[in-house]
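Participant: My questions will all concern the structure given below.
The values are calculated or read from the model by the stated rules, or taken from the named source; none is laboratory data. Nothing here was measured: the structure is a model prediction, and the numbers come from that model. We place every Cβ from the backbone using ideal geometry, glycine too, and count neighbours over all the protein chains shown.
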Amino acid sequence: MKRLVVGRRIRSDRLGEQQLPKRIALPVFASDPLSSVAYATQEILLILTLGGMAYLSMAPWIAVAIVVLLAVVVLSYRQVIHAYPSGGGSYEVASRNLGAGAGLVVAAALLVDYVMTVAVSVAAGVDNIISAAPELNAYRVLLNLGFVALLTAMNLRGVRESGRVFAVPTYLFVVGVLILIAVGFAEMLAGHPPVPESAGWQITPEPDHVGLTGIALVLLALRAFSSGCTALTGAEAISNGVPAFRPPKSENAARTMGLMGLLSITMFSGITALALLTHVRYVENTCDLIGFPGDCATSAQRTIIAQLAAAVFGGAHSIMFYYIQAATALILILAANTAYNGFPLLGSILAQHRYLPRQLHTRGDRLAFSNGIVLLAVVAGGLIWLYQGSVTALIQLYILGVFTSFTLSQTGMVRHWNRALLTRHDRLDRRRMHRSRLINAFGAVFTGLVLIVVTITKFTHGAYLVVIAIPLLFVMMRAIRRHYDRVAAQLAPEPGGMVLPSRIHAVVLVSQLHRPTLRALAYARATRPDTLTALTAAITPDDVRNLQDEWNDRGIPVALTVVEAPYRDLTESVLEYVAGVHHDHPRDLIVVYIPEYVVSRWWEHLLHNQSALRLKARLLFQRNVMVTSVPWQLDPGHADARAVTAEPRLPADTVRT
């Protein structure tokens, strides 16, 4: 099953073959910011229409502010790519220039952002599928979880293979949106403007959003702006994925970042302008629409891009309408692939720095960071299930982590250029650095203000959960690092070389006299310990007497020691005996040999060795105690009746007691 889903294993020396050309890297790392234009405009109108249609005049100015912000972020991260091409992105910039604490804040924010990217992108994609097929609304959560599982399986197959699959839908979406914008404006210039289905509908304003003035109106505009800033999500992913590009890595990554910014700005501006000029209506509660056909309580409103496609291309049954909807749904779902690349890469770097479990640094069969991919899928799937796949609910948890990393990253870049200017004296280099510092300083101030706005406007709508999650992740990563540091300090070799134990006491556990027991005794004697004890627990008196009789009849050259088990607990009896030996010989080493038989079928493990597993787990916590398993592999076929006579032969008695 694993080979069917993941594919054949790839050798480590073929890692270079997984590096990406620009045409594949664009859909792999930029599908999230490219796809967010499908719902960024929608989120702006969603907030403004809470007050009816009175505040829609603010939408163009909000869109202009978002375009400027997107341009600044793209230019700023191009500086990051050239200055830090190792792939740490915002985390590396903040760690090197602002300290480990700031780096961990950025890392926590990005991890939260990547999880939300998967949840929001998949939910938005399913929304567009439901817009084309409303009868699927009842299966919203199931569709979401199914797409998360599909994305996980594709990414487990490797970056290059998943990139090829995801490239086609991304380019289909970009071409489709550009055609939609071009045809829509051409129809306007020709005097036949498209008319969306909602253009004639009226909106019932929310009672507490009527007649807003002063600070209340400003807060509404800021909330709409913060919702529209979803257009910037995933913009930093390329700076985190520089190592995945083909050489020259920095140049290719910077060019891809520039192309991503150009396409995002063009598509977002075009969709927003087209939606405002054609008077598209979109509200949070469908029942607030006056003139909406059907039952507003059970029917879902079509997304803005779906309404525009139907208006521009001649109805909701045209080929181009279905093309736009299919391409939009695909890229919104595949936009989660940006997080599937960014989260495991960042997790690997954090694991390498000992801030996350080391398992996240391990590459899987297809040279992808499989553990990080699976962890991302589980957390994102849980959020989708918890919020029932609602984009409106999930998006409130979005953005905050994005602008936290943006702000700290750009602040760190300003300090980076300040340090570089102290060592460079060439006039052209200094002029370039001054220009770069100005870009990053402007970006830091701008994104910092947006972070404040987002925190204030979204806090009571769900963002408080992110405000809690980021510090918790920060504390958790610090605790993991302290643990690894403490373990490393204790495992460091002592000065003076290896210290030998004074004496070795061997204890062989005996439950019954069979071939595994004889092998364990033979192996223990072969190691020549200072003392050797065959130990059994008196759980059932009759069984102990029978064991002693058989032991004497066979002439085993090791005395059988019986310990009491008044509560029929083997583990406690053995632990008490071992503790007594340790008390009498605190500087000596105790080796406990546990005979086990190994079965050939997975389900047979449930029938054997359960007591041994519990005992080993307890013994591992005892000081100066070593546990040695002595396996006996069972034949998966029929038993050999002569096997009982072919028992291991014990070596001559060499125990020094």
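Participant: Being of a type in the set (G, A, S), modelled with pLDDT under 85, over 39 Å from the mean Cα position of the chain (by Cα) and assigned to a loop (DSSP other than H, G, I, E, B) narrows it down to one of G191, G211, so name that one. First the steps, then the outcome.
Facilitator: Details: G191 fails: modelled with pLDDT under 85.
Sole residue among the options that is of a type in the set (G, A, S), modelled with pLDDT under 85, over 39 Å from the mean Cα position of the chain (by Cα) and assigned to a loop (DSSP other than H, G, I, E, B): G211.
Participant: Taking helices (runs of 4 or more DSSP H) that fall entirely within the range 338-435, which contain at least 1 residues that are over 25 Å from V450 (Cβ atoms)?
Facilitator: Because the criterion is at least 1 residues that are over 25 Å from V450 (Cβ atoms), the helices (runs of 4 or more DSSP H) in the range 338-435 that meet it are 370-386, 400-423.
Participant: Got a sec? Which of G125, G103, G87, G99 is at pLDDT 90 or above and either in contact with a Leu (Cβ under 8 Å, 6 or more places away or on another chain) or under 22 Å from P344 (Cβ atoms) (or both)? If you could, list the steps in order and put the result at the bottom.
Facilitator: Details: G125 fails: at pLDDT 90 or above; G87 fails: at pLDDT 90 or above; G99 fails: either in contact with a Leu (Cβ under 8 Å, 6 or more places away or on another chain) or under 22 Å from P344 (Cβ atoms) (or both).
It is G103.
Participant: Would you mind finding the one in S227, S269, S299, S250 that is touching a residue at least 40 places away in the same chain (Cβ under 8 Å) and either more than 28 Å from A310 (Cβ to Cβ) or not assigned by TED's automatic domain parsing to the domain that holds V175 (or both)?
Facilitator: Details: S227 fails: either more than 28 Å from A310 (Cβ to Cβ) or not assigned by TED's automatic domain parsing to the domain that holds V175 (or both); S269 fails: either more than 28 Å from A310 (Cβ to Cβ) or not assigned by TED's automatic domain parsing to the domain that holds V175 (or both); S299 fails: either more than 28 Å from A310 (Cβ to Cβ) or not assigned by TED's automatic domain parsing to the domain that holds V175 (or both).
Going through S227, S269, S299, S250 in turn, the sole match is S250.
Participant: Within the range 505-521, is there a residue that is within 27 Å of the chain's Cα centre (by Cα) and either surrounded by fewer than 18 Cβ atoms within 10 Å (Cβ to Cβ) or in the same structural domain as V627 (by TED's automatic domain parsing) (or both)?
Facilitator: No, that holds for no residue.
Participant: Give the residue that is modelled with the highest pLDDT, with candidates limited to residues of the range 303-337 that are outside any helix (DSSP H, G or I) and of a type outside the set (S, T, Y).
Facilitator: It comes out as F313.
Participant: Could you check how many residues of the range 232-255 are assigned to a helix (DSSP H, G or I) and not small (G, A, S)?
Facilitator: Residues that pass the stated criteria total 9.
Participant: Quick check: is even one residue across the range 403-410 at pLDDT 85 or above and farther than 26 Å from I480 by Cα?
Facilitator: yes
Participant: Got a sec? Which of V563, V574, V578 is touching a Phe, Trp or Tyr at 6+ places or on another chain (Cβ under 7 Å), under 20 Å from S611 (Cβ atoms) and hydrophobic (A, V, I, L, M, F, W, C)?
Facilitator: Within the list V563, V574, V578, the selection yields V563.
Participant: Related question: Being assigned to a helix (DSSP H, G or I) and either modelled with pLDDT under 90 or not assigned by TED's automatic domain parsing to the domain that holds V374 (or both) is true for just one of L145, L151, L178. Which residue is that?
Facilitator: Values: L145 fails: either modelled with pLDDT under 90 or not assigned by TED's automatic domain parsing to the domain that holds V374 (or both); L178 fails: either modelled with pLDDT under 90 or not assigned by TED's automatic domain parsing to the domain that holds V374 (or both).
Selected residue: L151, the only one of L145, L151, L178 that is assigned to a helix (DSSP H, G or I) and either modelled with pLDDT under 90 or not assigned by TED's automatic domain parsing to the domain that holds V374 (or both).
Participant: Given the condition charged (D, E, K, R) and not in a helix (DSSP H, G or I), answer yes or no: does some residue in the range 527-535 qualify?
Facilitator: yes
Participant: I would also like to ask the following. Do the conditions hold for R140, that is, is it surrounded by fewer than 22 Cβ atoms within 10 Å (Cβ to Cβ), among the basic types (K, R), in a helix (DSSP H, G or I) and at pLDDT 80 or above? Don't jump to the end; show me each part of the working.
Facilitator: Working: surrounded by fewer than 22 Cβ atoms within 10 Å (Cβ to Cβ): yes; among the basic types (K, R): yes; in a helix (DSSP H, G or I): yes; at pLDDT 80 or above: yes.
Taking the combined requirement at face value, the residue satisfies it.
Participant: Tell me the residue from L75, L50, L70 that is farther than 30 Å from W417 by Cα and either surrounded by 22 or more Cβ atoms within 10 Å (Cβ to Cβ) or of a type outside the set (F, W, Y) (or both), please.
Facilitator: L50
Participant: Could I ask something else about it? Test each condition in (1) at pLDDT below 85; (2) hydrophobic (A, V, I, L, M, F, W, C); (3) more than 30 Å from R302 (Cα to Cα); (4) surrounded by 24 or more Cβ atoms within 10 Å (Cβ to Cβ) for V80 and report the one that comes out false.
Facilitator: (1)
Participant: Restricting attention to the range 451-510, which residues are in contact (Cβ under 8 Å) with a residue 12 or more places away in the chain and over 30 Å from V402 (Cβ atoms)?
Facilitator: Across the range 451-510, the qualifying residues are D485, P501, S502, R503, I504, H505, A506, V507, V508, L509, V510.
Participant: Still on this model: Have a look at E576, E550 and point out the one that is outside any loop (DSSP other than H, G, I, E, B), among the acidic types (D, E) and in contact (Cβ under 8 Å) with a residue 24 or more places away in the chain.
Facilitator: E550
Participant: Sort through T404, T423 and tell me the only one that's among the β-branched types (V, I, T), in the same structural domain as A65 (by TED's automatic domain parsing) and touching a residue at least 24 places away in the same chain (Cβ under 8 Å).
Facilitator: T404
Participant: Any idea how many residues of the range 242-298 are touching a strand residue (DSSP E or B) at 6+ places or on another chain (Cβ under 8 Å), among the charged types (D, E, K, R) and surrounded by fewer than 18 Cβ atoms within 10 Å (Cβ to Cβ)?
Facilitator: 1
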